[in-house]
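**Q** What follows is a structure written as structure tokens; I'll ask about it next.
The values are calculated or read from the model by the stated rules, or taken from the named source; none is laboratory data. It should be emphasised that the depicted structure is a prediction, and the values quoted were computed from it without experimental measurement. In this analysis, Cβ positions are derived from the backbone assuming ideal geometry, glycine residues included, and neighbour counts consider all displayed protein chains. These area figures cover heavy atoms from the full protein model, side chains too; ligands, DNA and RNA do not enter into them. Shrake-Rupley method; radii C 1.70, N 1.55, O 1.52, S 1.80 Å.
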Protein chains: 2
Amino acid sequence: METTTAVKRLSALAQEARLDVFRLLVKAGPEGRAAGEIARALDVAPNTLSAQLLVLSNAGLIGARRDGRSIIYSVRFDAMRELLGFLTQDCCGGRPEICAPLAAAKSCNRGVPDEAPARARGRR
Amino acid sequence: METTTAVKRLSALAQEARLDVFRLLVKAGPEGRAAGEIARALDVAPNTLSAQLLVLSNAGLIGARRDGRSIIYSVRFDAMRELLGFLTQDCCGGRPEICAPLAAAKSCNRGVPDEAPARARGRR
DNA sequence: TCCATATTTCGATATTCTTTGAAATATGGA
DNA sequence: TCCATATTTCAAAGAATATCGAAATATGGA
């Protein structure tokens with residue numbers, strides 16, 4: 001990933017209100033959530049939310065689809081993965097020994113082999 | 001980690017110049033690098049760099065120690081790990097199945113990729 | 001002590017962001 | 001078609017950021 005893309009994505013997440021939106025969408029999962037629902041849930045004006053969604057969208061972190069009168073936003077998990085990959089690369093770059101303990105901090109890497117999530121061990 | 005801390009750290013990294021500084025310090029490793037060296041390496045004015053280092057420092061992402069006339073900055077890898085953990089949590093939150101492929105994107109969790117991240121090779 | 005080096009602080013300016021009210025666009029239903 | 005709902009666009013105001021020149025502080029050595 002180009003650093004300019006990384007900066008764009010980091011910037012998009014680097015604001016309380018937008019981070020809230022993003023987290024809400026993460027919780028919503030692939031089905032996403034309508035703009036209006038998000039606005040009500042976070043108690044933010046529709047036009048303000050629209051601007052926030054635009055920033056996240058321009059950063060590629062979320063996508064949108066229309067459903068009737070509503071517009072449904074959802075996280076682009078691939079983009080988030082890319083970003084995490086970039087940051088991890090930066091953190092480990094050439095010095096895996098420094099970053100080795102990182103795996104322990106990543107709850108989602110635990111017990112999840114590449115394909116089959118054999119069984120999630122409850123801990124978190 | 002509190003979201004306000006996360007926002008602070010994301011903001012600190014969300015700018016080209018500061019991301020460059022951070023990446024340089026990551027490469028430098030635990031020994032760190034003197035402010036002056038960084039300024040020369042990145043071709044930025046000393047006072048400008050000072051402001052950038054302050055932001056990264058306030059975010060807790062880097063630390064400083066004096067060595068003679070120089071001040072040596074180095075990455076606080078724990079802080080970076082925390083941030084990555086927070087983001088990963090956000091990404092996986094309650095839905096590890098979504099994030100399962102994430103492990104594959106994390107080069108540092110498996111073998112060591114042979115090269116530094118500095119070089120921008122095309123898409124991946 | 002005096003001086004050169006290394007870095008930071010201060011103050012100002014230029015730029016970029018964020019939010020808001022008002023108006024516009026798109027959709028579905030009566 | 002007309003109307004209500006859902007969302008976005010626009011323009012402006014206010015807030016926050018980034019960078020720069022000049023001056024200040026800290027350190028080591030002659």
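**Q** Along Cα→Cβ at 7 Å, what distances in nm separate the B:A45 label point from those on the other copies, shortest first?
**A** Those label-point separations list as 3.7 nm.
**Q** Taking each label point as 7 Å beyond Cα in the direction of the beta carbon, state the distances from B:T4 to the same residue in the other copies, shortest first, in nm.
**A** The answer, with the shortest distance listed first, is 3.5 nm.
**Q** Tell me, what HN-Hα J-couplings in whole Hz come from the Karplus equation 6.51 cos²θ - 1.76 cosθ + 1.60 at θ = phi - 60° for each residue of the range B:20-31, using x for Gly and Pro?
**A** In residue order, the calculated couplings are 4, 4, 4, 5, 4, 5, 4, 4, 5, x, x, 5 Hz.
**Q** Using only protein heavy atoms and a 1.4 Å probe, how much accessible area in total is buried between B and A, to the nearest 100 Å²?
**A** Counting both chains, the buried surface is close to 4600 Å².
**Q** 5 Å is the cut-off here: which amide hydrogens, built 1.01 Å from N in the peptide plane, fall below it relative to B:I72, excluding neighbours closer than 5 in sequence?
**A** For B:I72, the qualifying residues are B:R65, B:R66, B:D67.
**Q** Can you give the relative contact order of the range B:3-77 as a percent, counting alpha carbon pairs under 8 Å and 6+ residues apart?
**A** Here the relative contact order equals 37 percent.
**Q** If you take the alpha carbon radius of gyration of the range A:3-77 and divide it by 2.2 N^0.38 Å, what ratio comes out, to two decimals?
**A** 1.01
**Q** Hey, what do the phi angles of the range B:2-19 turn into as Karplus ³J(HN,Hα) couplings, whole Hz, using 6.51/-1.76/1.60 and θ = phi - 60°, x for Gly and Pro?
**A** Coupling constants for the range B:2-19: 6, 5, 5, 5, 4, 4, 4, 5, 4, 4, 4, 8, 7, 8, 3, 4, 6, 4 Hz.
**Q** Measuring label to label, 7 Å along Cα→Cβ, what does B:I71 give against each other copy in nm, shortest first?
**A** 4.5
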